[in-house]
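Below is one structure, written out as structure tokens, with a few remarks after it.
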Amino acid sequence: MSTARKRKDNNINIRAAMNEKELIKKAADMSGLDTSTFMLFHSIEAAKKTISQTDVFVLSRRDAELVADALLNPPAPNEALKRAFKRHKEIFGNKV
């Protein structure tokens with residue numbers, strides 16, 4: 001018969017100072033969780049937040065309009081860009 005819970009057989013080990021361990025244990029106890037569950041839950045939440053902050057960024061309406069306008073109406077290439085394209089073609093040929 002299958003179980004609804006996934007087997008958790010991977011370990012994460014950390015070292016902490018005694019006062020840090022006691023602080024985490026106190027918070028876990030206050031939350032009604034064991035220390036491991038408390039630490040895993042909050043680590044996952046912090047990881048998701050960190051990833052979302054680096055994967056997604058929010059533009060103001062004005063900035064979004066500027067980006068859209070630049071994409072829809074790009075300026076003509078300047079001399080520096082033309083030289084860069086020429087140099088790229090010399091080095092790499094027609095490969096992108």
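For segment 37-65, taking the residues that are more than 20 Å from the chain's Cα centre (by Cα) and surrounded by 12 or more Cβ atoms within 10 Å (Cβ to Cβ), the one that is nearest to Asn11 (Cα to Cα) is identified as Thr37.
Polar (S, T, N, Q), assigned to a helix (DSSP H, G or I) and loosely packed, with under 10 Cβ neighbours inside 10 Å: is that true of Asn19 in this structure?
Working: polar (S, T, N, Q): yes; assigned to a helix (DSSP H, G or I): yes; loosely packed, with under 10 Cβ neighbours inside 10 Å: yes.
So Asn19 fits the description; yes.
Among the residues of this structure, Ala28 counts as one that is touching a helix residue (DSSP H, G or I) at 6+ places or on another chain (Cβ under 9 Å) and under 26 Å from Asn13 (Cβ atoms). Kindly provide the set of residues from segment 69-96 that are on the phi > 0 side of the Ramachandran plot and assigned to a helix (DSSP H, G or I), ordered by number. Selection gives nothing.
Every number in this text was worked out from the coordinates using simple rules, so none of it is lab data. Just so we're clear, the structure is a prediction, and the values are computed from it rather than from any experiment. Note: ideal-geometry Cβ built from the backbone for every residue, glycine included; neighbour counts use all protein chains shown.
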